[in-house]
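In what follows, a structure is listed as structure tokens, so that the remarks can point back to it.
Quick note: the coordinates plus some simple rules give every number you see, no bench work behind them. Remember, predicted model here, so these are calculated numbers, not experimental data. No Cβ is skipped: glycine too gets one built from the backbone with ideal geometry, and neighbour counts run over all protein chains shown.
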Amino acid sequence: MSAEAANPGAHSRRRGRPRIDLRRLGRAAVLGPAARDRLPDAIGHVAEAHRAHHPDADLSVLRRAYVLAESSHRGQFRKSGEPYITHPLAVTLILAELGAETTTLTASLLHDTVEDTEVTLDQVHSEFGAEVGYLVDGVTKLEKVDYGAAAEPETFRKMLVATGNDVRVMSIKLADRLHNMRTLGVMRPEKQARIAGVTRDVLIPLAERLGVQALKTELEDLVFAILHPQEYERTRTLIADNATAGDALEAIAEEFRTVLKDAGIAAEVLVRPRHFVSVHRVRRKRGELRGTDFGRLLVLVSDDADCYAVLGELHTCFTPVISEFKDFIAAPKFNLYQSLHTAVARPDGAVAEVLIRTQRMHTVAEAGVVALGNPYAPGETTGESAADGERADPTRPGWLCRLLTWQRATPDPDAFWTSLRADLAQDREITVFRADGGALGLPAGATCVDAAYAQYGTQAHACIGARVNGRLATLSTVLRDGDTVHVLLAQDAAASGPSPEWLDHARTPAARIAISSWLDAHPEGVKIPAAAPRRPAPLTADRPAAANAVVELLDDIGDPDSGNPDSGNPGPRNPGGRAHAGVRLAGCCTPVPPDAVTGFAVRGGFVTVHREECPAVTRMTALGRAPLPVRWKDAAECRVTLVAESFGRPRLLADLTEAIAAEGAAIVSATVEPPAQQRVRHTYTLQLPDAAGLPALMRAMRDVPGVYDVSRARHPAATG
């Protein structure tokens, strides 16, 4: 492997971050502490970088921290042969360049003392205060002697819990991992691969979620070189062979500067080379690369209004690629990131991607939570109150709260480690809004099941469905960014519980762990008491003609085929001249008072009564069948078929039959179709003592939890 391949972060010099010579730091470190009136030479670079962001910072505490760290690590060496003190110095320099405040830098200098030296946590507390002590404790690894194979996952669990109380813990860990990855070449190949794998699965996603892009991008390149050396070498060669690619972007940048100057907009236009992984991704997406594909243009302005002014000028003077436009200023990402993204096309077809942001947005985009200074001091945070709840507290973002919630329910280290990697594997988040106006941050691909558990925790076991953007949806519905979700819960939570199918739709560990725990505790599901049987009304042998009691013909009817009425016959007659035996209600639409109805003469000497909107009426009229006028007599008992659409849940059938019985209706027959996508269709043929009670009956059935619609049945019917 080439020297650059072994240390791919070296190309970061092109991005304006010079690398400090660690050997020089090492030589300065072994000379010991400086005189009391000046800083040790070894932390001169740290002090310089720190003062660039915090001109008034008190450096005396850094001096004391360095003196303790250097003396306690004296005689220890890294595998590279360098004095061990070079590691905490390098980690602290990384954080100083990102703008970390003094407390973070102090803890960074001391972050390995409790783990690797005789210094105790109590000593750190007493000499540097509770905040520094908490940060050092948060990044201190657990001993393999005590935890065995569980030491690594339990260490990460410990750090995540500590991060939940102070996000600076993870800032130090990320910088620590970056320096270790930079110097990983001295390790055995198999150990390099293992560490790179954990970095890829855990640390890089955490850097993304905390918005520390400067660390994330370099970690990605370092992991890329170790885990995919051939692809990395191909990309490195591609970048080397296109060393002048930046000229194409620089020419466009000069055009931008002219346009913006003429518009009176003060802006700085920079060319930002892509890092190795970014170039690799673009190559896989676009195939052959043009010069403009090796970087992006960054436009920096003073305030938000200027961002939109720049966008307007660029879209006016150049050809915009509308599909590339994204507004992360009006709708910031969950990790504090804000920018306008767009792209413009040149006449030759080349496309230049453009980022537009303020100087403050740029600082936060690069350093994320590290740029917040001391996030716990009044007036230091940039996390203004936000309606979505994800950015109201930048020191404890929503994704971290969810992670901390489900990890408490996962005592097994292996299950926690697997769930953590799965959770962090989600490459982006969406925001969905609750019916009460709040918001939920969920990973892309999350479903209504995930939303239910994110909002209600274990109470979501009683979930029976959801409405998405006002429309009923199954629990398996995949949510999109900006959707509004109303989770529906059963009133009797004790009689409800998740089904194993829910695991197929759950994407978040919180939902999967809660569902699995419930299923393990209820291997036989919910015990549903049997519904009390209700005896249906007795049926007479002449049931088909029972409609005579409530329906009457208005006119005499002759031959229905000839259309010639026989006005001399007082009763309806069939084509053969025989009298009709009576009237019956159509089974396809089950009319009841006060439905508007019409009749048709059918074979067998009957008149069948249909609701006027029944599809059978349209079909028979189209065939030339003449409708017969009919009307309702005084309302009396009637039979009707109703279809109840519902979400499947335990005890649903019992609750429906109870509601039907409470309205005084008798169940003549009932069928339940097999569930489809968690929806269940119940069909009931009911005998009502009074047709006027039908609307109340349908309302009572709709009020049963889980039922989202009740309608009159419409079955296919023959035309006679």
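General observations
- Difference of contour (0.36 nm per residue) and Cα-Cα distance, Asp41 to Arg631: 201.9 nm
- Annotation for the stretch 264-329: GluC sites (Glu not before Pro) lying in DSSP loop with at most 11 further Cβ atoms inside 10 Å of their Cβ are Glu288.
- In the stretch 398-452, trypsin sites (Lys or Arg not before Pro) in a DSSP loop with at most 16 other beta-carbon atoms within 10 Å: Arg428
- GluC sites (Glu not before Pro) restricted to DSSP loop in the stretch 69-124 with at most 13 other C-beta within 10 Å: Glu118
- Leading residue at positive end of dipole, the stretch 210-269 (Cβ point charges), from Ala245, Ala225, Gly264: Ala225
- For the pair Arg194 and Thr258, label points projected 7 Å from Cα toward Cβ lie 5.9 nm apart.
- In terms of distances greater than 20 angstrom between alpha carbons, the cross-link table entries Lys216/Lys333; Lys173/Lys333; Lys141/Lys173; Lys144/Lys191; Lys285/Lys333; Lys261/Lys333 yield Lys173/Lys333; Lys285/Lys333; Lys261/Lys333.
- Summing +1 for each Lys or Arg and -1 for each Asp or Glu among the other residues whose beta-carbon sits under 9 angstrom from that of Val485 gives +1.
- FRET efficiency, 1/(1 + (r/R0)^6) with R0 41 Å, evaluated for Arg408 and Asp327 via beta carbons: 0.65
- Extension gain, Val478 to Ala696, is 74.9 nm, computed as 0.36 nm per intervening residue step minus the present C-alpha separation.
- Gain in span if fully extended, Ser517 to His125, counting 0.36 nm per residue against the direct Cα distance: 137.1 nm
- Residues Ile195, Ile226, sorted so that the one with the fewest Cβ neighbours within 10 Å comes first: Ile195, Ile226
- Backbone N within the stretch 233-250 under 16 Å of label point (7 Å from Val282 Cα along the Cβ vector): 235-250
- Cα-based shape type of the stretch 426-521, given that a ≥ b ≥ c are square roots of the gyration tensor eigenvalues and the cut on a/c is 1.5: oblate
- Placing a pseudo-label 7 Å from each Cα along the Cα-to-Cβ vector at Ser71 and Arg681 gives an inter-label distance of 8.2 nm.
- Cα-projected label distance for Thr244 with Lys79, points at 7 Å along beta-carbon direction, nm: 4.3 nm
- The stretch 259-271 - phi-based ³J(HN,Hα) in whole Hz, Karplus 6.51/-1.76/1.60, Gly and Pro as x: 4, 6, 5, 5, 7, x, 9, 6, 8, 9, 10, 10, 9
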